[in-house]
Amino acid sequence: MGKTDICELLQIEYPIMQGGMAWVATAELAAAVSNAGALGVIGSGQMPADVLRSEIRKAKLMTNKPFGVNIMLMSPFVREVMQVVIDEKVPVITTGAGNPGEYIPALKEINTKVIPVVASVALAKRLERVGVAAIIAEGTESGGHVGSVSTMALVPQVVDAISVPVIAAGGIGDARGLVAAMALGAQGVQIGTRFVASSECMAHENYKQAVLKARDRSTVVTGLSTGHPVRVIANKLTRQLEAMEHSGATNEEFDRIGAGKLRAAAREGDVTYGSVMIGQIAGMVNEIKPVAQIIQDIVGGIPQVMSRLNTMF
Ligand code: TUI
């Protein structure tokens, strides 16, 4: 496929970024994605700063290509983690679950590209003004912490509202999704769920198998009433959380039950009482493949999608 502004900006071959999934996107996954010509991203989640530093150093040993770090803005270690990405001169950071505005001047100073994930037009506009390199517009189809607008509706509205490049995320897992996102005006895509089912992903085997088993309606969004919506595979944990939401539990009670559950699922393989954060495309992910194969399948599938469209218009 041809290059887009995003390829130029990030110094990559294909306009594909990997989602920065906490406990799932380790140095191994990020390096494999970067080596295959896309942008790998280490998910720092709630990692302490020293753990992130060693993960970045591990990735540097595994690839000579650029890679990024995702910073989860609700992390208690966010300030120290920002300092680590500055010290290590990470060329790209993506952010999630908040507004990264206050950190942008320091990152711009060392020429690190800041690409925030947003779920609304309002935040996209605010962040454009403080000097971000691009914006990831993430629809509610995504796994993990989500907004309420679908990718199909969000991406063209963000594209119309700002002039920096837009990367589409949420519900994209193959060539059809990539072409559709580009048709909506995106310059690139961010893919998470499809990369969970890869050979290089270090998530627990049970977590990967849960993705393969999932169907179109296997995920639910918990925490809508507490202002902390998270898309996960429905299981005993989500049923407990739903019951708590109905009985009017406080945010503190809700957070106490949810704490540590992503780690339990992704690292210990507890997919019954753990939090299996995954997007709605899990229903079409049926096979674990090497990262390079996943990327080649996506890129290699584009001509067929385009020729089908060309017969229609
Ligand atoms: O951040 C994500 N997805 C995530 S983060 C995560 S880690 C986690 N662990 C335990 C509990 C909860 C999360 C798992 N998945 N995606 C990017 C994203 N950011 N989606 C939506 C947003 C977002 C939402 C509200 C960004 C900003 C925002 O409001 C900020 C503001 O000031 O308006």
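Has region 148-166 got at least one residue that is within 11 Å of the ligand (Cβ to nearest atom) and under 13 Å from the mean Cα position of the chain (by Cα)?
For region 148-166, residues within 11 Å of the ligand (Cβ to nearest atom) and under 13 Å from the mean Cα position of the chain (by Cα): absent.
Taking region 43-81, which residues are over 22 Å from Glu138 (Cα atoms) and of a type in the set (A, V, I, L, M)?
Pass one, region 43-81, residues over 22 Å from Glu138 (Cα atoms): 47-66, 76-77, 79-81.
Answer for region 43-81, where residues must be over 22 Å from Glu138 (Cα atoms) and of a type in the set (A, V, I, L, M): Met47, Ala49, Val51, Leu52, Ile56, Ala59, Leu61, Met62, Val81.
Restricting to region 80-101, name every residue that is charged (D, E, K, R) and over 22 Å from Ala31 (Cβ atoms). Step through it out loud before you land on a result.
We begin by selecting, within region 80-101, every residue charged (D, E, K, R); these are 80, 87-89.
Hit for region 80-101 is Glu80, nothing else.
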Residues (within 13 Å of the ligand (Cβ to nearest atom) and modelled with pLDDT under 95) located in region 104-147: Val130
Helices (runs of 4 or more DSSP H) contained entirely in region 236-313, each with at least 2 residues that are within 16 Å of the ligand (Cβ to nearest atom), without any contact (Cβ under 8 Å) to a residue 12 or more places away in the chain and open to solvent by 50 Å² or more (accessible area, probe 1.4 Å): 251-258
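Looking only at region 63-85, which residues are in a loop (DSSP other than H, G, I, E, B) and away from the ligand (no atom under 16 Å from the Cβ)? Before the answer, list the steps.
Filtering region 63-85 down to residues in a loop (DSSP other than H, G, I, E, B) leaves 63-66, 73-77.
Within region 63-85, Thr63, Asn64, Lys65, Pro66 qualify.
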Residues (at positive phi and at pLDDT 90 or above) located in region 228-272: Gly260, Gly269
Residue ID - farthest from the ligand (Cβ to nearest atom), chosen from residues in region 86-102 that are in a helix (DSSP H, G or I) and in contact (Cβ under 8 Å) with a residue 24 or more places away in the chain: Asp87
Residues (in contact with a Phe, Trp or Tyr (Cβ under 9 Å, 6 or more places away or on another chain) and either surrounded by fewer than 16 Cβ atoms within 10 Å (Cβ to Cβ) or farther than 21 Å from Ser34 by Cα (or both)) located in region 81-123: Met82
Test: residue in region 73-90 that is out of contact with any Lys or Arg (no Cβ under 9 Å at 6 or more places or on another chain) and aromatic (Phe, Trp, Tyr): yes
Residue under evaluation Thr222, criteria (1) surrounded by 23 or more Cβ atoms within 10 Å (Cβ to Cβ); (2) in contact (Cβ under 8 Å) with a residue 60 or more places away in the chain, criterion not met: (2)
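The values are calculated or read from the model by the stated rules, or taken from the named source; none is laboratory data. Here the structure is a predicted model, which means the values were calculated and not measured. As a convention, Cβ positions derive from the backbone with ideal geometry for all residues, glycine included, and neighbour counts pool all protein chains shown. In case anyone asks, the SASA skips ligands and DNA or RNA and just uses the protein heavy atoms, side chains included. Shrake-Rupley method; radii C 1.70, N 1.55, O 1.52, S 1.80 Å.
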